[in-house]
Amino acid sequence: MTQATTLKEQAAGKADETPELTDGFHLVIDALKLNGLTTVYGVPGIPITDFGRMAQAAGIRVLSFRHEQNAGYAAAIAGFLTKKPGICLTVSAPGFLNGLTALAHATTNCFPMILISGSSEREIVDLQQGDYEEMDQLAVAKPLCKAAFRVLHAADIGIGLARAIRAAVSGRPGGVYLDLPAKLFGQVMNAEAGRKSLVKVIDAAPAQIPAPSAIKRALDILKSAKRPLIILGKGAAYAQADDAIRTLVEKSGVPFLPMSMAKGLLPDTHPQCAGAARSTVLRDADVVMLIGARLNWLLSHGKGKTWGEAAKQFIHIDIEPREMDSNVEIAAPVVGDIGSCVAALVEGMGGTWPAPPADWTNAVKAKREENVAKMAPRLMNNNSPMDYHGALGVLRTVVKEHPDAILVNEGANTLDLARGVIDMYKPRRRLDVGTWGVMGVGMGQAIAAAVETGKPVLAVEGDSAFGFCGMEVETICRYHLPVCIVVFNNDGIYRGTDVNPLGGSDPATTVFVKGARYDKIIEAFGGVGVQAQTPDELRRAVGAALASGRPTLINAVIDPAAGSESGRIGNLNPKSALGKK
Ligand code: OXT
Ligand code: ADP
Ligand code: MG
């Protein structure tokens, strides 16, 4: 009797005579469910089409995308939002490679994610005999993620998933690849033995308690500071230690600077927030406490002009010991999970803690107020076509009125100016391009944000950025997600005014079709499309979208001349030694 026949007989009620059976499909599903991983982002196809169907039938929420990269970005940000690994499911070779960019992005950003890809038969792959979508996926994935595993036997599925979960969320979180060859799904085994083989991962991300001596060293330095600064990074947002962080900041009285995705951990309107005095605090601080933020390019590697001449001492809180001294000397490394470290610091501060010198906090306050006052009138203009500030002034008010909504943001000018203009009020409400500054994360992030949190999403997208992932508006419409997309349409990358230096019919490399109507795209799928030419029209359209919860795309017409090259990071473009373009 074949195994398939036995399964059929089981279904026909002859289960009494034969032992109950299970197979690879069901073991993977059961293992995911056992570990509370009940949402999967992916694209179906050989060999995982039936897996998706069975998973859906078993109560897992399976969201089918139009491209695996967007599903991967969704899984990555789901990991950030939930502290559980986001799951992305793809087919072999090309689907796997499409998902791999997102896996590498998750690893780079320290987000827990598991990319599960079906793969072709080992025997054929290893002899390179040309299987359907043949690729040695495990070997390809390894250098691009935190860990990579392959499961060959159904009895190892439980252990394989447990290893993947632990690798993704423990220590510094990251991306994990799990390779599941097609044959594995069909492997049959005794159901009872299968159940026993599954592993419910206990304490997947154990607390990492800092050494008391490290806490004392850090507090001694902080206490001696004349111009202290706390920098909050997206690791601090990820840690979900919101109350402890707020207590530390408020008890210390130290000005804090949120990195982009840490905005809202404490409100940007908090009296200690130094976001609007960024250059001043980086240049003048003498003691800098980093909490879940790396001294990478986004912080000018902790040295150079940005950091000024004044001597600095760094206190660095991070779960990854090797992050210490990666760019500059760290005077007080505090290695541990942020929840434990911050709690220990607060405890070590005791009942009272001396406020930082008033000349420092007053100087920060004065600079902040100066910058805010400088920006205010620019946000009020009602120009048509809109400039960035006019349009963003509207969105700033919308977010203030909907502090729970999640803001997704990508582009160059659209990103950099929105980051400064739009105040955030709650933790983990701002999602963006992250450490790589990658375009195309927007729609995946918007979908996962809506799915994982149930909150409304406002996605503010450059027209180029949107182009990397725009087809997912169909996905947004198909799942009826409360996502309002605003495309800042300035006819191109950075600007829409460049011309081909040689003349001729080819446009310049950075410009798109002029006057494009992105709003028409969503109408094809039953969503609401709106063209907004003025800030007033934009205000009305976004208000209606958030009130209705219907998928909406607003084509916000931005002056093509308004942007600058690469937004705020034009300095990173190499210059020709010959001075020519
Ligand atoms: O203190 P000072 O005086 O200096 O002032 C600062 C703050 O204090 C002040 N501020 C405020 N003032 C008043 N009020 C408030 N509330 C306030 N808040 C702040 O404002 C200034 C600035 O503050 P900020 O922003 O905090 O500070 P700064 O100096 O900018 O910070 C430095 C950085 C580095 C931390 C920051 O700039 C940053 O986080 N930057 C991230 C940049 C980034 O990642 N950019 C994306 C990549 S750009 C490029 O690579 C693009 N590509 C290529 C490409 C990519 N990326 N990916 C892929 C897969 N393929 C290709 C492409 C194709 S962008 C791009 C498309 C662009 O076109 P779009 O159409 O999409 O977009 P548009 O440009 O709109 O056309
Ligand atoms: P940002 O871009 O906001 O500056 P980074 O991505 O550079 O932030 O830094 C995030 C840091 O947070 C990483 O070094 C990572 O190891 C750390 N991290 C992530 N989660 C935790 C945690 N729970 N406890 C301690 N550190 C963490
Ligand atoms: Mg643009």
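The values are calculated or read from the model by the stated rules, or taken from the named source; none is laboratory data. Owing to the predicted nature of the structure, the values given are computational and were not obtained by experimental measurement. Neighbour counts run over all protein chains shown; Cβ positions are idealised from the backbone, glycine included. The protein model used for the area step is the full one, side chains on, heavy atoms only, and it has no ligands, DNA or RNA in it. Shrake-Rupley method; radii C 1.70, N 1.55, O 1.52, S 1.80 Å.
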Note to self: Regarding segment 494-507, can at least one residue be identified that is in contact with a strand residue (DSSP E or B) (Cβ under 9 Å, 6 or more places away or on another chain), away from ligand 2 (no atom under 16 Å from the Cβ), within 21 Å of Leu407 (Cβ to Cβ) and assigned by TED's automatic domain parsing to the domain that holds Leu395?
What the structure shows: no
Next item on the list: Mind listing whichever residues of segment 90-136 are within 25 Å of Met439 (Cβ to Cβ) and over 24 Å from the mean Cα position of the chain (by Cα)?
Entry: Ala93
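This table checks each residue for (1) of a type in the set (Val, Ile, Thr); (2) near ligand 1 (Cβ under 10 Å from one of its atoms); (3) not assigned by TED's automatic domain parsing to the domain that holds Ala524.
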{"site": "Ala391", "(1), (2), (3)": "no, no, no"}
{"site": "Val421", "(1), (2), (3)": "yes, yes, no"}
{"site": "Gly437", "(1), (2), (3)": "no, yes, no"}
{"site": "Ile447", "(1), (2), (3)": "yes, no, no"}
{"site": "Pro456", "(1), (2), (3)": "no, no, no"}
{"site": "Glu472", "(1), (2), (3)": "no, no, no"}
Check: Can you pull out the residues in segment 23-52 that are without any contact (Cβ under 8 Å) to a residue 24 or more places away in the chain and more than 22 Å from the chain's Cα centre (by Cα)?
Finding: Thr49
Check: Can you find a residue in segment 63-76 that is open to solvent by 10 Å² or more (accessible area, probe 1.4 Å), within 20 Å of Glu472 (Cα to Cα) and of a type in the set (D, E, K, R)?
Finding: yes
Next item on the list: Only residues in segment 121-143 that are within 19 Å of Thr101 (Cα to Cα) count as the first member; pair them with residues that are of a type in the set (Phe, Trp, Tyr) and in a helix (DSSP H, G or I), Cβ under 8 angstrom, at least 6 apart or cross-chain, and list the lot.
Entry: Met135/Phe96; Gln137/Phe96; Val140/Phe96; Ala141/Phe96
Note to self: I need every pair where a residue in segment 554-581 that is within 16 Å of ligand 2 (Cβ to nearest atom) has its Cβ under 8 Å from the Cβ of a residue that is of a type in the set (D, E, K, R), sequence separation at least 6 or different chains.
What the structure shows: Arg568/Asp416; Ile569/Asp416
Notebook entry, point to check: When you scan segment 437-536 for helices (runs of 4 or more DSSP H) that lie fully inside it, which ones turn up with 1 or more residues that are in contact (Cβ under 8 Å) with a residue 12 or more places away in the chain and within 16 Å of ligand 3 (Cβ to nearest atom)?
Noted result: 442-453, 463-467, 519-523
Next item on the list: Can you work out which of the residues in segment 413-433 that are part of a helix (DSSP H, G or I) and touching a residue at least 60 places away in the same chain (Cβ under 8 Å) is most open to solvent (accessible area, probe 1.4 Å)?
Entry: Arg419
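Please verify whether Pro551 is open to solvent by less than 20 Å² (accessible area, probe 1.4 Å) and in contact with a Gly (Cβ under 6 Å, 6 or more places away or on another chain), treating the condition exactly as stated.
yes
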Notebook entry, point to check: Got a number for residues in segment 251-267 being within 24 Å of Glu347 (Cα to Cα) and outside any loop (DSSP other than H, G, I, E, B)?
Noted result: 6
Notebook entry, point to check: Which ones in segment 307-327 are open to solvent by 50 Å² or more (accessible area, probe 1.4 Å) and at pLDDT below 95?
Noted result: Glu309, Ala311
Check: When residues of segment 382-409 are filtered for being within 32 Å of the chain's Cα centre (by Cα) and either among the basic types (Lys, Arg) or over 30 Å from Thr453 (Cα atoms) (or both), how many remain?
Finding: 5
Margin query: Against the definition (surrounded by fewer than 24 Cβ atoms within 10 Å (Cβ to Cβ), away from ligand 2 (no atom under 16 Å from the Cβ), among the aromatic types (Phe, Trp, Tyr) and closer than 22 Å to Pro551 by Cα), how does Tyr479 come out, yes or no?
Written below: yes
Checklist line | Complete set of residues in segment 499-509 that are in contact with a Pro (Cβ under 9 Å, 6 or more places away or on another chain) and either open to solvent by less than 50 Å² (accessible area, probe 1.4 Å) or at positive phi (or both) | finding: Asn500, Ala508
Next item on the list: Can you tell me which residue among Gly304, Gly264 is within 13 Å of ligand 1 (Cβ to nearest atom) and open to solvent by 20 Å² or more (accessible area, probe 1.4 Å)?
Entry: Gly304
Item checked: Check on Thr361, surrounded by fewer than 23 Cβ atoms within 10 Å (Cβ to Cβ), assigned by TED's automatic domain parsing to the domain that holds Val451 and touching a residue at least 40 places away in the same chain (Cβ under 8 Å) -> no
Next item on the list: Can you tell me which residue among Val249, Val201 is aliphatic (A, V, I, L, M) and without any contact (Cβ under 8 Å) to a residue 60 or more places away in the chain?
Entry: Val249
Notebook entry, point to check: Out of curiosity, is Lys234 within 16 Å of Leu295 (Cβ to Cβ), of a type in the set (D, E, K, R) and away from ligand 3 (no atom under 16 Å from the Cβ)?
Noted result: yes
Check: Got at least one residue in segment 198-206 being within 16 Å of ligand 1 (Cβ to nearest atom) and of a type in the set (Gly, Ala, Ser)?
Finding: no
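Keeping to segment 234-246, report how many residues are within 13 Å of ligand 2 (Cβ to nearest atom) and assigned to a helix (DSSP H, G or I). Walk me through it before giving the result.
To start, the set of residues in segment 234-246 that are within 13 Å of ligand 2 (Cβ to nearest atom) comprises 234-242, 244-245.
This time we only want the ones that are assigned to a helix (DSSP H, G or I), so: 234-239, 242, 244-245.
Residues in segment 234-246 being within 13 Å of ligand 2 (Cβ to nearest atom) and assigned to a helix (DSSP H, G or I): 9 in total.
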